[in-house]
Amino acid sequence: MLWNSKSRSRRTEIRKNRQDTLLHSWRRLQQSGVLTSIGIAAVFCGIVIAILMMRDEVLPYRPEQAVLSDVVARVDFYFPDTGRMTDLQRQAAEQSPRIYQANPKVWSDLEAQLLSLPSKVSVENLEALPEPLRLILGADAGAVTALRIYNTPEQKPAYEDAVKGYISDLQTAKVETSQIILLTDKDRREEVRNDRLVRVTPDGVIKANKTFSPGMDELGPILESAAKANFRATLTLQPRIVDATRAFLQPTHIYDDAATVEARNNAAALVPQSAATVSYKANQVLVDKKLKKAFDTHDIQLLKYENEAYRRSLGDIARRSTYGLAITAVLITIMMCGYISTFQKRIVRNNARALAIALLMVSMLLLAQLAAVGTYQLYLMAVTPTILVAMIVTIAYDKRFSVGVSTTHALLVTLALDQGVGFFLIQWVGAMTAAFLLDDVRSRSKLIEVGGATAIGLMVATLGQGLIALEPLKFIGTNCLYAGSAGLLAGCITLSILPFIEKAFRITTSMTLLEIADASHPLLRRLSLEAPGTYNHSLQVATLSEAGAEAIGVNSLLCRVASYYHDIGKINKADYFVENQINGENRHINLSPSVSLLIIIGHVKDGVELAKEYNLPTSINAFIQQHHGTTLVEWFYHQACTRELSETEPESISEAQYRYPGPKPRSKEVAIVMLADCVESACRAMPEPNASRLESLVHDLAMKRLLDGQFDECDLTIRELEQIEKAMVKTLLGIYHGRIAYPSTRAVQGVTTQTRTA
């Protein structure tokens, strides 16, 4: 029993330590980040399926698209015609009577004017009368005499009674069933011309032709009748009273614009929705090609309602399309994951990059889908997202990867918008053009140039597809302009969001590198002032690393700019590094090798902190951390060994204690900077540099780091290392070239004097 229990425990322990069990495989997947990437892919697939579900709401027709055939209804449906509703509301508003408010002072003002006539005509000179009275009474001596008689105290009460009776008769006079309504000449002419009803307060609504204006001839009989009834004693005065009334009479009602607008709005709001609802039957022509050459907004709205009614009529059958879209989305996601794991394995391990790619594709797909659901131009709003995907992925990764991702996105957009192969080809041509031309962004104009070239490609592709589809030339021309605008718009958008692209994908474009390579950058200025020897060393390293990078075809600009900053950590303790010790005083003389080691190694950590403080791109941090790798700090290691040899325990000194903490270079660019750094330092210590010595030195240093395993993690080949050596030797020969020794001034002057003496 004891033996069996020990055997079982031993087998259990063996199983725990086996590397081929499911548990260990699961843990390896968790540590590698594959599980998280699979989760991101699953969420991406779900969102894509949700976006594709909006496909049923997309119409195959666009505003201004040519009507090539009749469009008929597939089912019975009702359409709330907004255009018809607008017309009905406008008609209701126009038919609503305009409102006129009563003017209460009309009759009192007229009465005051007539009562003042006797006193006004009592003047000796009638030419002094106001203009209306002078014209009315100036030529009628009988009327003037009668008014002057009424101006006497005995006759004045009788005149006042006559005027008041006259005004009273006018106020109570009836035209059919209403009192006299006086409007301005302009308002009455407009109302009568449009045959409207007018609303007057407080009498209500009357016909416009039953109203008057003060200058109308039709008002004369009413005025004459009232004058005869109240001025019987003076027949000569009656016509002058009528004329004066016409001259002084004002409209009894004034147009009220605010009240009219409110009444019309209320009338429009009372129009029922059912009045504008139109019923259509199955197989009824909705858009007749004989009547319309192109679809307008009304047609698009009508076809949307028909499409919704058709989808409702399908019922459970519509689920088949949903299942098909889901299966297609899953297949595309699987193919996309396979493509990424084949050509960009780091995305599988780096979940942040996987999430960025997923968000980019989903957001651009949603933008194109929303443009299709609305009435926006597909050749502008639906093509631009695919071009953006191509440009962004090309900047973040490379051309090959961009081709695959943008092609997949174009396929998803075509599927989501229910478009044909022609629309896919247009997107594909634009994406390929952008990916192939966008190689290195070194200037702001580069993206605009690529956008312009992409626009030309899109226009040519749109022209070709339009001619194949036999579309009208005008419609083809419009689509070409929109497609060209999509290319230019994508270039401008990419330029504007370029800093965000760099942060999202943790990359550094050449344009950013050129910006931080400026000698006026605050950190470089500080390096040149506080550590001038290190600054000069960095410039030489930049020259060497750039030549080495160009020799094997890697990013030479990154090598050059990173070399400027690779030793910025020396700023904090510049005097402890030999290149900055101007007076020849060595600060390490009184320090132990272990303390000096900490100071020397510390410049790497200090450099990383300074890079974060000055917001340098993350790609520069790798050079600061890795440019020494895990190399041995030889000088202080030998110093430590020498001290230990003079004591008793030399075995206590471990070489590992005097190595940089690493990591080793993980890219070819960092490896080149590492080699350039040590080569430049070694060449400065060489007494008489010549071609053979330089070549031997560079080769020895390269082999030393190769054998030390410093290049194990950067995929640098022996052939590439040889090419880098040759390029650096050639550059060093240019730096340390020989010069003619010029004779001193004193020697020249001596020779001249001897010549003159002779």
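The values are calculated or read from the model by the stated rules, or taken from the named source; none is laboratory data. Bear in mind that the values here come from a model prediction, so they are computed numbers and not experimental data. Here Cβ is always computed from backbone atoms with ideal geometry, including for glycine, and neighbour counts include all displayed protein chains. Protein only, heavy atoms only, side chains kept; ligands, DNA and RNA dropped before computing areas. Shrake-Rupley method; radii C 1.70, N 1.55, O 1.52, S 1.80 Å.
The figures follow:
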item: Net length gained if the chain between A229 and K186 were fully extended (0.36 nm per residue, minus Cα distance); result: 12.3 nm
item: Solvent-free Debye scattering, log10 I(q)/I(0), computed from the Cα coordinates of segment 355-395 at q = 0.13, 0.20, 0.26 Å⁻¹; result: -0.26, -0.56, -0.82
item: Cα lying deepest toward the dipole's positive end in the chain, options L360, V48, I501, charges on Cβ; result: V48
item: Ordering of 441-447, 710-716 by burial proxy (mean other Cβ atoms within 10 Å per residue, highest first); result: 710-716, 441-447
item: Exposure rank, largest accessible area first [K120, K605; 1.4 Å]; result: K605, K120
item: Angstrom value of the Kirkwood radius, inverse mean 1/r, which spans all Cα pairs in segment 522-640; result: 15.0
item: For segment 468-535 and segment 207-256, distance of Cα centres in Å; result: 83
item: Over 28 Å (Cα to Cα) - which of K120/K186; K120/K207; K281/K474; K668/K726 fall in this group; result: K120/K186; K120/K207; K281/K474
item: Carbon + sulfur, % of accessible area of the chain - ligands and nucleic acids excluded, 1.4 Å; result: 56
item: Label of the coordinate-derived value, log10 I(q)/I(0) by the Debye sum over Cα atoms at q = 0.07, 0.08, 0.12 Å⁻¹, listed as (1) -0.62, -0.80, -1.50; (2) -0.85, -1.01, -1.55; (3) -0.79, -0.89, -1.30; result: (3)
item: Size-normalised alpha-carbon gyration radius of segment 542-612, reference 2.2 N^0.38 Å; result: 1.37
item: Stokes-Einstein translational diffusion, segment 148-214 - Kirkwood Rh over all Cα pairs, 0.692 mPa s, 37 °C, in µm²/s; result: 232
item: Quotient of C-alpha Rg and 2.2 N^0.38 Å, computed over segment 366-478; result: 1.05
item: Between segment 33-86 and segment 270-304, the Cα center-to-center distance that results, in Å; result: 20
item: Segment 188-341, dipole about Cα centre (Lys/Arg Cβ +1, Asp/Glu Cβ -1), debye to the nearest 20; result: 460
item: Per-peptide average of other Cβ atoms within 10 Å, ordering 594-601, 455-462 highest first; result: 455-462, 594-601
item: Additional length obtainable on full extension of the chain from A141 to D316, 0.36 nm per residue less Cα span; result: 52.9 nm
item: Semi-axes of the equivalent ellipsoid for segment 191-281, Cα gyration tensor, largest first, Å; result: 45, 13, 10
item: Solvent-accessible surface ranking, highest first, for K105, K573 at 1.4 angstrom; result: K105, K573
item: Segment 577-718 shape via C-alpha gyration tensor axes, a/c threshold 1.5; result: rounded
item: L370 accessible area, assembled protein chains, probe 1.4 Å, Å²; result: 90
item: Equivalent-ellipsoid semi-axes of segment 663-736, from the Cα gyration tensor, Å, largest first; result: 22, 12, 10
item: Charge dipole magnitude, Cβ of K and R +1, D and E -1 - the chain, Cα centre, debye nearest 20; result: 2140
item: Sites R90 and D712, calculated FRET efficiency, Cβ-Cβ separation with R0 56 Å, nearest 0.05; result: 0.10
item: DSSP-defined beta bridges in the chain - what % are antiparallel, rounded to 5; result: 80
item: Mean Cβ count within 10 Å, highest first, over the residues of peptides 302-310, 241-249, 215-223; result: 241-249, 302-310, 215-223
item: Largest-first principal axis extents of the Cα set of segment 209-338 (Å); result: 115, 35, 29
item: Kirkwood hydrodynamic radius over Cα pairs of segment 389-547, then Stokes diffusion coefficient at 37 °C and 0.692 mPa s, in µm²/s; result: 183
item: Dipole in debye (nearest 20) - segment 39-89, about Cα centre, beta carbon charges: Lys, Arg +1; Asp, Glu -1; result: 200
item: Set of lysines with alpha-carbon distance to K570 below 17 Å, sequence-local pairs under 8 removed; result: K605, K612
item: Extension gain, E131 back to V285 (0.36 nm per residue minus Cα-Cα distance, nm); result: 48.3 nm
item: Kirkwood Rh in Å, taken over all unlike Cα pairs in segment 297-343; result: 13.4
